[in-house]
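**Student:** For reference, the structure I am asking about is given below.
The values are calculated or read from the model by the stated rules, or taken from the named source; none is laboratory data. Only a predicted model underlies this, so the values are computations on that prediction, with no experimental measurement involved. No Cβ is skipped: glycine too gets one built from the backbone with ideal geometry, and neighbour counts run over all protein chains shown. Accessible surface areas use protein heavy atoms only, side chains included; no ligands, DNA or RNA. Shrake-Rupley method; radii C 1.70, N 1.55, O 1.52, S 1.80 Å.
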Amino acid sequence: MKPEDITLDWLHARVIERDGCLIWIRTLGRGGECPQATVDYKVWPVRRLIWTLAHGRAIPKGQRIGSTCNDERC
């Protein structure tokens, strides 16, 4: 899969909606907690991937991407 293949439909096919959150139902890493996806043969944390695609640039050094609900799969 290439980065340009990632769409909202791609994302929605890999999550379930629960209590206002999008819960990742695919591959998890880091002890089964961190949502991951493989794009162009590289494994990405999903939050980092979505942020990078949405902003068109790398995440600034020192910035963390997380969820406000504290569910690691969100």
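**Student:** Hey, among the residues in segment 52-66 that are surrounded by 13 or more Cβ atoms within 10 Å (Cβ to Cβ) and at pLDDT below 90, which one's nearest to Gly20 (Cα to Cα)?
**Tutor:** Ile65
**Student:** Name every residue in segment 39-51 that is open to solvent by 80 Å² or more (accessible area, probe 1.4 Å) and not aromatic (Phe, Trp, Tyr), in order of residue number.
**Tutor:** Scanning segment 39-51 gives Lys42, Val43, Arg48.
**Student:** Looking at segment 17-30, which of its residues are open to solvent by less than 80 Å² (accessible area, probe 1.4 Å) and out of contact with any helix residue (DSSP H, G or I) (no Cβ under 7 Å at 6 or more places or on another chain)?
**Tutor:** Matches in segment 17-30: Cys21, Leu22, Ile23, Leu28, Gly29.
**Student:** Next question, about the same structure. Filter segment 1-16 for residues that are without any contact (Cβ under 8 Å) to a residue 40 or more places away in the chain and either over 16 Å from Ser67 (Cβ atoms) or open to solvent by 90 Å² or more (accessible area, probe 1.4 Å) (or both) and give the result.
**Tutor:** Residues satisfying the conditions are Met1, Lys2, Glu4, Asp5, Thr7, Leu8, Asp9, Trp10, His12, Ala13.
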